Amino acid sequence: MTEFYIILAVCLAISLNQSSRIVRAIGTLTAALALVMIAYSILIANFDGTFAAIPADAELSDRVKPFVLNAQAGVASLAALFLLWAAYRQGKRQVTDPMPLRNTDTGFGRVSRYAHWIIGVLILILVPMGLFVSVLAPDHPARPAFFATHQMLGLTVLLLIACRMLWLLQSPAPPMRADIQPLQRKLAKATHLALYGIMLGFPVTGVLFTVWGGNPLEVFGWSLSDRFTPNNQLAESAAILHNLLLPAVFYLAVAAHLGAVTVHHFAERRLLDVRRMLR
């Protein structure tokens, strides 16, 4: 299952940044289909007893997770509809300018774009998957596979973020336009810092609450659990960060990021700003 999601993320990242309009349209349609499948999986959980199995006396944070997941399913469905329109637009738009490997003063290069979309796709898979795993009963037959996939994808994201940050040291991101208002500039920087903090925080806190909780965690056959002493108090603190605080900040940061992209593209018609990271 892990390999499937990684291959999907790589294929989407590559296809969305191709000069061929047909390839870009197919990639956009694939992204829409993936969102539909996420929404469908959550919808099924409402009727197959998965959500109903949550005990009535469970903690409030557990009892609200089905509502959060259903909200995510609704957002995913709306996003899928938008991507259907975007696929139509991609199929009509010609792109002829070459895409360099490194970042330039006007846009991100191939490495940064691929890393951006691979990480983004994996995180959009990880967040609902993590919530879904947490509502499954401990003896649910599908829980071990989902949990293992969630762990490996999280560690993959951590590795990719580290690589992307090292790449930015060698190939700096393009500067923001000089005519951007100071407040917008500060908000953009704050949003990007928050997203980087969240992307790092999710896998780090996930690793910590797993190993501090005494649960097994292996990375390519190398056991991390053997190098940490179980500590229930620290595990609980890491779990609160991973399961509650970071997701809340994640939703706010992503909403701000997507809101800014939407305003730039549709209201201000600053299409080149949006296409610094998308063909």
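Charges were assigned to the Cβ only: +1 to each Lys and Arg, -1 to each Asp and Glu. The resulting dipole of the range 131-229 about its Cα centre is roughly 480 debye. Kirkwood Rh over Cα pairs of the range 34-145 into Stokes-Einstein at 25 °C, 0.890 mPa s: D in µm²/s? So the translational diffusion coefficient is about 145 µm²/s.
Counting only residues at least eight positions apart within a chain, or on another chain, there are no aspartates and glutamates with an alpha carbon under 13 Å from that of Lys186. Hey, if you drop one equal point scatterer on each alpha-carbon of the range 159-246 and run the Debye formula without solvent, what base-10 log of I(q)/I(0) do you get at q = 0.15 Å⁻¹? With no solvent term, the Cα-only Debye profile gives -0.73. Excluding Val111 itself, calculate the net charge of residues whose Cβ lies under 11 Å from the Cβ of Val111, where each Lys or Arg counts +1 and each Asp or Glu counts -1. The answer is +4. The range 150-166 and the range 65-93 have Cα centres spaced 25 Å apart.
Output the 0 to 90 degree angle, nearest 10, between the alpha-carbon long axis of helix 2-15 and the longest principal axis computed from the alpha carbons of the chain. So the inclination is approximately 10 degrees. When its C-alpha radius of gyration is set against 2.2 N^0.38 Å (N residues), the chain gives a value of 1.06. As a length-normalised measure over Cα pairs under 8 Å and 6 or more apart, the relative contact order of the range 180-232 settles at 24 percent.
Given Cα pairs under 8 Å that are at least 6 residues apart, what percent is the relative contact order of the range 108-189?
On the way: 26 pairs, mean separation 30.7, N = 82.
Taking the mean separation of contacting Cα pairs over the length of the range 108-189, I get 37 percent.
How much accessible area per residue does the range 40-126 have, in Å², with a 1.4 Å probe?
Values: 5120 Å² over 87 residues.
Counting only protein heavy atoms, the per-residue value for the range 40-126 is 59 Å².
Using Cα-only point scatterers and the Debye equation, what is log10 of I(q)/I(0) for the range 67-210 at each q in 0.08, 0.13 Å⁻¹, rounded to two decimals? Here the Debye-derived log intensity ratios amount to -0.32, -0.82. When only Cα pairs below 8 angstrom with a gap of at least 6 residues are kept, the chain shows a relative contact order of 20 percent.
Bridging of Lys65 to lysines at a Cα separation below 28 Å is possible for none of them, once same-chain residues fewer than 8 apart are set aside.
The values are calculated or read from the model by the stated rules, or taken from the named source; none is laboratory data. All values derive from a computational prediction rather than experimental measurement. Note that we place each Cβ from the backbone using ideal geometry, even for glycine, and neighbour counts take in every protein chain shown. Side chains included, ligands, DNA and RNA excluded: accessible areas come from the protein's heavy atoms. Shrake-Rupley method; radii C 1.70, N 1.55, O 1.52, S 1.80 Å.
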